[in-house]
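Everything on this sheet refers to the single structure shown next.
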Amino acid sequence: MTPKSQMNASWYADPSQGSLPDSFNLFQEQFLKPLGKTAVNIEREKESAEYGAVRFEMDGQTCLFRQSKHTPKKSANLSRFGNA
């Protein structure tokens, strides 16, 4: 899956608009699903909209997913996942 350009993605400009970032959907399909895990109570993070941040619950824990900003100077991108 090719990530959308941030400038063309509705979630970049306004987290209350549009859908979840493609990277989060990919994370669920390729990481959580094979482990038998399910993300629930999924919400976009307004404060970290430029990072495509998503807050969710899994196994009774609150978790935060976010991706790096795309800039001309970065040669690689990183997605972060951790307890909130």
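The number of residues in segment 36-56 that are among the polar types (S, T, N, Q) and surrounded by fewer than 12 Cβ atoms within 10 Å (Cβ to Cβ) comes to 1. Among residues of segment 32-58 that are within 15 Å of SER19 (Cα to Cα), those with a Cβ under 8 angstrom from a residue that is in a loop (DSSP other than H, G, I, E, B) and of a type in the set (Lys, Arg), sequence gap 6+ or separate chain, pair up as GLU50/LYS69; TYR51/LYS69. In segment 13-28 there is no residue that is loosely packed, with under 15 Cβ neighbours inside 10 Å, at pLDDT 90 or above and over 14 Å from SER68 (Cα atoms). Hey, any hits in segment 68-84 for a residue that's at pLDDT below 75 and of a type in the set (Phe, Trp, Tyr)? Yes, the conditions are met somewhere in segment 68-84.
The values are calculated or read from the model by the stated rules, or taken from the named source; none is laboratory data. Just so you know, these numbers come straight off a predicted model, no measurement behind them. Methodologically, a virtual Cβ is constructed for each residue, glycine included, from the backbone with ideal geometry; neighbour enumeration extends over all protein chains shown.
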